[in-house]
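The values are calculated or read from the model by the stated rules, or taken from the named source; none is laboratory data. Everything quoted here is computed from the prediction, not taken from an experiment. Heads up, the Cβs are rebuilt from the backbone with ideal geometry, glycines too, and the neighbour counts pull from every protein chain shown. Side chains are part of the model used for accessible areas, which takes the heavy atoms of the whole protein and leaves out ligands, DNA and RNA. Shrake-Rupley method; radii C 1.70, N 1.55, O 1.52, S 1.80 Å.
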Amino acid sequence: MHNILSRIQSGDRAMAFLLDPEKTGIEDLIDTFDHINNLRIVIQKEIGVDYFILFVGGSTMIDIDLDKWILAAKEIIKIPIVIFPGSHHQLTENADGLLFLNLISGDNSDYLIGHQRLAAAQLLKSKLEIVPTGYLLIDGGHESAVQRVSQTRCT
């Protein structure tokens, strides 16, 4: 266990990189992680970040074997991998943690409590570190995949 919550609560400066397996295939992981490692060195030196996390997730994750993707990632990069799920279907015990997301800026109750309720029984038995997370969508000037999938309007 990486004790992600205790590291954050202790005041350690943390930074997360977010990768969408639909946009970064397993075959691209080595090059992608080389870039991340180079960024980590600069960020650690210039800003003094103590702790790095890799968030993994996407809005749809169609035709993605999340177990296989995360196992491949763990062989290459040695930082905690936390699932940033787009739905209750995006769970795997191969990750180190899970952001238990509540999309609080939308009207769609499926993303406020529905997916969480559907995942609860599995997460109760899970060894994943659960990180409660409020999630706000802010208008970025164009419709994002998250807006489309969650049917959330940003105003």
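For the structure I just gave you, tell me whether residue 74 is open to solvent by 80 Å² or more (accessible area, probe 1.4 Å) and out of contact with any Phe, Trp or Tyr (no Cβ under 6 Å at 6 or more places or on another chain).
Taking the combined requirement at face value, the residue does not satisfy it.
Could you check how many residues of segment 136-155 are under 26 Å from residue 8 (Cα atoms) and either part of a strand (DSSP E or B) or touching a Gly at 6+ places or on another chain (Cβ under 7 Å) (or both)?
1
Which ones in segment 20-65 are open to solvent by less than 20 Å² (accessible area, probe 1.4 Å), at pLDDT 90 or above and within 30 Å of residue 115 (Cβ to Cβ)?
Scanning segment 20-65 gives 21, 24, 25, 29, 33, 36, 52, 53, 54, 56, 57.
For segment 125-155, give me the residue count where each residue is under 19 Å from the mean Cα position of the chain (by Cα) and either over 15 Å from residue 88 (Cα atoms) or of a type outside the set (Gly, Ala, Ser) (or both).
So the count comes out to 18.
The rows are residues; the columns are (1) free of Cβ contacts under 8 Å to residues at least 12 places away in the same chain; (2) out of contact with any helix residue (DSSP H, G or I) (no Cβ under 6 Å at 6 or more places or on another chain); (3) under 26 Å from residue 6 (Cβ atoms).
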{"site": "55", "(1), (2), (3)": "no, yes, yes"}
{"site": "70", "(1), (2), (3)": "no, yes, yes"}
{"site": "74", "(1), (2), (3)": "no, yes, yes"}
{"site": "112", "(1), (2), (3)": "yes, yes, no"}
{"site": "118", "(1), (2), (3)": "no, yes, no"}
{"site": "129", "(1), (2), (3)": "no, no, yes"}
{"site": "133", "(1), (2), (3)": "no, yes, yes"}
{"site": "136", "(1), (2), (3)": "no, yes, yes"}
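Inside segment 40-71, can you point out the residues that are touching a Phe, Trp or Tyr at 6+ places or on another chain (Cβ under 6 Å) and either among the hydroxyl-bearing types (Ser, Thr, Tyr) or outside any loop (DSSP other than H, G, I, E, B) (or both)?
40, 54, 55 - these are the residues of segment 40-71 that are touching a Phe, Trp or Tyr at 6+ places or on another chain (Cβ under 6 Å) and either among the hydroxyl-bearing types (Ser, Thr, Tyr) or outside any loop (DSSP other than H, G, I, E, B) (or both).
Can you tell me which of (1) more than 21 Å from residue 149 (Cα to Cα); (2) touching a strand residue (DSSP E or B) at 6+ places or on another chain (Cβ under 9 Å) is the one residue 46 doesn't meet?
(2)
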